[in-house]
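Input: a single structure, listed below in C-alpha cells.
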Amino acid sequence: MDIQINGTCAARFAALKDAFAANFAASGEVGASVAIVRHDELVVDLWGGYQDPDCTVPWQRDTIINVFSTTKTMSCLALLMLASRGLVNIDAPVADYWPAFAQNGKAQVLIRHLLSHTAGLPAWEQPIAGTDLYDWHKVTTLLAEQAPWWEPGWKSGYHGLTQGNLVGEVVRQVDGRTVGQFFRDEIAQPMGSDFHIGLGAEHDERVALVIPAPPLQYGGGHGAAAPEHNSIPYRASNPRLMAEQSWELPWRRAEIPAAGGHGNARSVALAQAAVSHGGSFRGVELLSGTTIDRIFDVQAAGRDLVLGIGVTFGIGYGLNSPRNPISPHARVCYWGGWGGSLVVNDVEAGLTFAYVMNRMGEGTVGDDRAHALLRALYRTLDEA
C-alpha cells in the first residue's frame, strides 16, 4: 500500500522524510507524525498513514493521540519552570512544599529525587486499579503516606506512573493550579502547542486510538523471565495497565501527568523547544540557563531497579550516555513513551525532535522506528 506523506519538510531534511516513509513500507507503521524545531523554526512537520488498523481513517494534520510517558517531559518541565522562577528549590525537601509528604521516612526526599526517579516510590504499595488514577486525591494521599522502597537518591527505579502525581502535586501545592492547568496556561498556549494533560471533550473527534502490541510473553525460551513476585519490578507494576484503557473517556479527561498526555509530534516539539533553545521560544522564557544546566546534573547512572537496563537520569529527563546513546552530542536530554513515542532535546544542535505513532512497539522502551528517524537526522547534520 502506498502511503502519502503530508506536511512540510525543509529540503535539507529530505533524508528524514525518506526514512519516515520507509517506516511505513518496511517497519509496519500504521499512522504517525514527526516534527523538528531548529533555530526557532518548525523545519519538519510530517504526518501520514491511518488512525485505525484497518487503514480506513487517514491520519490528519490535527490528529492527536495518547503518548504515554512522553507526557512526563511536560509535567517535569512545569516543575522546572517553577524552579526557574525561584518558587521551588530543586535541592530542597519535598515536604517544604507538600508537608503531608514527610510521613513514613520521607522528610529527606528532595525535589530532584522526584524529577530523577530516585525517590524510592516507583509505584503504590497498596494495590490499586487503573481507574484509581482518575482520583487525584486518593493516589497522591497514598504516596504521601507510604515509605520509600530504598534510600532516596541511591539509585533510579523508574517511577512509571507515580512521577506524574508526585511532580504534579508539588506544582499544585506551590502554584495552586493543577499541573494540567499550569501546563496549558504557561506552556501549551504561549508555545502554540496542541498538547493536553487532561483532554476536553471538544477534542474527542480528533483522537486516534493506540494499537496495542501483542502481550509480552515470559519464559518458555521466548523473551525474558517473569519477575519474582517480591521483586521491585513486579511490585512496580501497580496498577497493571492495559494500553486499551487509554481509549476510555475517563482516561482522557483525567490529569494523568506521567502517561495520559495527548498530542502529536508538532505539539510535543513546540512544547519542549525552549529546552533546546536556551530556555526561550517564540519570545517566551520558560527556563533560565541555570535551570537548563541543572537538567544535565546526573542523578543516577546504571542499571535501573525497575527497567532493568542501563539508564542515565538527569533532572526531569533521561540523558544521552554511552550505555544508551541516542545522539552524537553530549548535551541531549530526552524521554519516550510506552510503545515508541519520543522527544529529544539536543542543546548542542539547537533542535527538538519529536515522534508520535499509533501502532505500539513491544516492550516499554519503544522500538527502532524513532531511532531510524534520528539516524537520518544526524547524518544530515553531519553532512552540513
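The values are calculated or read from the model by the stated rules, or taken from the named source; none is laboratory data. Computed from a predicted model, the values in this text were never measured in an experiment. Cβ atoms come from the backbone with ideal geometry, glycine included; neighbour counts cover every protein chain shown.
Remarks
- Residue under evaluation Ser69, criteria (1) assigned to a helix (DSSP H, G or I); (2) free of Cβ contacts under 8 Å to residues at least 12 places away in the same chain, criterion not met: (2)
- For the range 320-364, a residue qualifies if it is charged (D, E, K, R) and either under 22 Å from Phe195 (Cα atoms) or outside any loop (DSSP other than H, G, I, E, B) (or both), and the qualifying residues are Asp346, Arg359.
- Criterion (assigned to a strand (DSSP E or B) and either more than 30 Å from Arg177 (Cβ to Cβ) or out of contact with any strand residue (DSSP E or B) (no Cβ under 7 Å at 6 or more places or on another chain) (or both)) met by exactly one of Gly302, Gly278: Gly302
- Test: residue in the range 184-195 that is crowded, with 20+ Cβ neighbours inside 10 Å, touching an Asp or Glu at 6+ places or on another chain (Cβ under 8 Å) and either on the phi > 0 side of the Ramachandran plot or assigned to a helix (DSSP H, G or I) (or both): yes
- Selected residue (only one of His137, His117 is modelled with pLDDT of 95 or more and within 25 Å of Arg303 (Cβ to Cβ)): His117
- Close pairs (9 angstrom Cβ cut-off, 6 or more residues apart or separate chains): touching a residue at least 12 places away in the same chain (Cβ under 8 Å) and assigned to a loop (DSSP other than H, G, I, E, B) in the range 22-36, aromatic (Phe, Trp, Tyr) and surrounded by 15 or more Cβ atoms within 10 Å (Cβ to Cβ) anywhere: Glu29/Phe20; Val30/Phe24; Val30/Tyr50; Val30/Trp59
- Residue within the range 72-84 that is on the phi < 0 side of the Ramachandran plot and in contact with a Lys or Arg (Cβ under 6 Å, 6 or more places away or on another chain) present: no
- Those residues of the range 128-160 which are within 26 Å of Trp247 (Cβ to Cβ) and not in a helix (DSSP H, G or I), in sequence order: Ile128, Ala129, Asp135, Tyr158, His159, Gly160
- Note on the range 340-370: residues that are modelled with pLDDT of 95 or more and crowded, with 17+ Cβ neighbours inside 10 Å total 21.
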